[in-house]
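Asker: Let me give you the structure first, and then I'll get to my questions.
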Amino acid sequence: MIELMRQPWPWYVAGAVIGLTVPALLLLGNKHLGISSSLRHVCAACIPGNISFFKYDWKKEIWNLFFVGGVLIGGIIAAQALSNPDQIVISEKTVTDLQALNVTVDGELMPASIFSFENLLTIQGFLFFVVGGFLVGFGTRYAGGCTSGHTIMGLSNLQWPSLVATCCFMVGGMVMIHFIFPWLMSL
Amino acid sequence: MQKAKDEFVDVSAVPHPIECEAPNDQVTKETLIGSNIKYLITGIVFGIVFVKAEIISWYRIQEMFRFHSFHMYGVIGTAVIVGAISVWAIKRFGIKTMQGETVVFHDKQFHWGNVIGGVMFGLGWGITGACPGPLFAQIGSGFLVVIVTLLSAVAGTWVYGLLQKKLPH
């Protein structure tokens, strides 16, 4: 059983469990799935400044911080106790494309050649971590949610603004991968 | 001091989405640890799935945006179908929460932030290989440099809060 769990889980298992998080949170206590909100609660709790957007009763929403804390612990458990003994298998075509851009495909979940502290002080690292992270935080809040709040929760509740947002997430991602990323790797 | 307290009341009276987009609609009083531990456990399950289905993998995001693999579309598609059936069932059969409360749903109001912010987030998703959930799971699974990405995402959220009233919505 443990051996089976160490293998990569198929998409339909992952999709079903993620989908079931929606009713789980609703029935455990009327909570709505949404992860980017946790970033707002952190701002409200730690650095509200004098900004009205961060002046609300974040303690009422603290369940969300417990939830993302759980996601972090889940990451630790999966990496420590259930780690895949084999290398990650990604599509041949993606491997070819990435190698053409001088990305070393190393069989880990993330390419160590990019996601390292040494890389942080390079222009590439700055764009990947600092600018990329900023876009995630600013963009999700401006859009009113992320892949969980809009794509999973919003679409499950048949909300058309969430469909618009989801399409825009995809457009942004494709522009990045097909146009900006190749340029970044040539820097 | 009294004024600050009044402000709090005012703000929480402002309708959605000012308060929060993933709101807590429970009326029954909650305790800090006792009530919230179940969300920690749900989060742990969520995080394990993120790692085990390789959703946190930067390579999988590259694959998805290059349309080279069905994997991520399969995950997201299945999640939406399962979620939608669950929401339909909760509404259709009036299933109550554990506390016996009626489940509250919110309609999302369209605003141009859905489009502009959505594209911005998409750009960030493509380059970091992570939406906010996987950020936490990436850190947990040992990619500690992602802490920088997370802090930057908090900064981005804060700057949005600062500029909110000046941005088109």
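Asker: What Kirkwood radius, in Å to one decimal, follows from the Cα pairs of chain A?
Answerer: Details: mean 1/r = 0.0519 Å⁻¹.
Roughly 19.3 Å, rounded to one decimal.
Asker: Sorted by average packing, counted as other Cβ atoms within 10 angstrom per residue and highest first, what order do B:117-127, B:138-148 take?
Answerer: Details: B:117-127: 28.1, B:138-148: 21.6.
Ranking, from highest mean packing down: B:117-127, B:138-148.
Asker: Compute the long axis of helix A:11-29 from its Cα atoms, compare it with the longest principal axis of the Cα atoms of chain A, and write down the angle in degrees, 0 to 90, nearest 10.
Answerer: Here the helix axis deviates by roughly 20 degrees.
Asker: Take peptide A:104-111, look around each residue's Cβ out to 10 angstrom, count Cβ atoms belonging to other protein chains, and average those counts.
Answerer: Numbers: counts 0, 2, 1, 1, 6, 15, 12, 5.
Across A:104-111, the average partner-chain Cβ count within 10 Å equals 5.
Asker: Could you order peptides A:67-76, A:100-109 by the average number of other Cβ atoms within 10 Å of their residues, highest first?
Answerer: A:67-76, A:100-109
Asker: Further, regarding this structure: For the range A:33-47, just list the computed ³J(HN,Hα) in residue order, Karplus coefficients 6.51, -1.76 and 1.60, θ = phi - 60°, integers in Hz, with x standing in for Gly and Pro.
Answerer: My calculation for the range A:33-47 gives 4, x, 9, 5, 4, 4, 5, 5, 5, 4, 4, 4, 7, 9, 9 Hz in order.
Asker: Of the accessible area of the range A:1-86, with the probe set at 1.4 angstrom, what percent is carbon plus sulfur?
Answerer: Looking at the range A:1-86 in its full context, I get 70 percent from C and S.
Asker: Using a 10 Å cut-off on Cβ to Cβ distances, tally the other chain neighbours for every residue of B:94-101 and report the average as a whole number.
Answerer: On the way: counts 0, 3, 2, 7, 4, 4, 0, 3.
The per-residue average across the peptide is 3.
Asker: Take every residue in peptide A:45-54, count the Cβ atoms of other chains within 10 Å of its Cβ, and give the average of those counts.
Answerer: For this peptide, the per-residue mean of nearby foreign Cβ atoms is 4.
Asker: Using a 7 Å offset from the Cα along the Cα-to-Cβ direction at both residue A:118 and residue B:31, what is the distance between the two label points in nm, to one decimal?
Answerer: With each label point 7 Å from Cα toward Cβ, the separation is 5.1 nm.
Asker: Grab the DSSP H runs of the protein assembly as shown that are 4 residues or longer, score each as -39,500 (n - 2.57), total them, divide by all residues and round the 222 nm result to the nearest 500 deg cm²/dmol.
Answerer: -17500 deg cm²/dmol
Asker: Turning to a different aspect of this structure: Along the charge dipole of the range A:1-86, Cβ charges K/R +1 and D/E -1, which of A:71, A:84, A:54 sits furthest on the positive end?
Answerer: Farthest towards the positive pole: A:54.
Asker: Over all Cα pairs of the protein assembly as shown, how is the pair count split among 10 Å bins, expressed in % and running from 0 up to the last occupied bin?
Answerer: Per 10 Å bin, starting at 0, the Cα pair percentages come out as 6, 26, 36, 23, 8, 1, 0.
Asker: While we're here: Packing-wise, with mean Cβ within 10 Å as the measure, how do B:82-93, A:33-44 rank, highest first?
Answerer: Sorting B:82-93, A:33-44 by mean packing, highest first, produces A:33-44, B:82-93.
Asker: May I have the count of lysine pairs in chain B with C-alpha atoms under 24 Å apart, counting pairs 8 or more residues apart or located on different chains?
Answerer: For chain B, the number of qualifying lysine pairs is 13.
Asker: Taking Cα atoms, how many degrees apart are the long axis of helix A:160-175 and the longest axis of chain A, rounded to 10 and kept between 0 and 90?
Answerer: Computed tilt is about 20 degrees.
Asker: So, one more: What is the helix-to-structure angle for A:63-81, meaning the angle in degrees between its Cα long axis and the longest Cα principal axis of chain A, kept from 0 to 90 and rounded to the nearest 10?
Answerer: 30
Asker: Mind pulling the per residue volume of the convex hull built on the Cα atoms of the range A:1-86? Å³ is fine.
Answerer: Taking the convex hull of the Cα positions in the range A:1-86, it is 124 Å³ per residue.
Asker: Using 0.36 nm times the number of residues separating residue A:12 and residue A:171, minus their current alpha carbon distance, what extension gain do you get? Walk me through the numbers before you get to the answer.
Answerer: Working: separation 159, 0.36 × 159 = 57.24 nm, distance 2.46 nm.
The span from residue A:12 to residue A:171 would gain 54.8 nm if fully extended.
The values are calculated or read from the model by the stated rules, or taken from the named source; none is laboratory data. None of these values were measured; they are calculated from a predicted model. As a convention, Cβ positions derive from the backbone with ideal geometry for all residues, glycine included, and neighbour counts pool all protein chains shown. Side chains included, ligands, DNA and RNA excluded: accessible areas come from the protein's heavy atoms. Shrake-Rupley method; radii C 1.70, N 1.55, O 1.52, S 1.80 Å.
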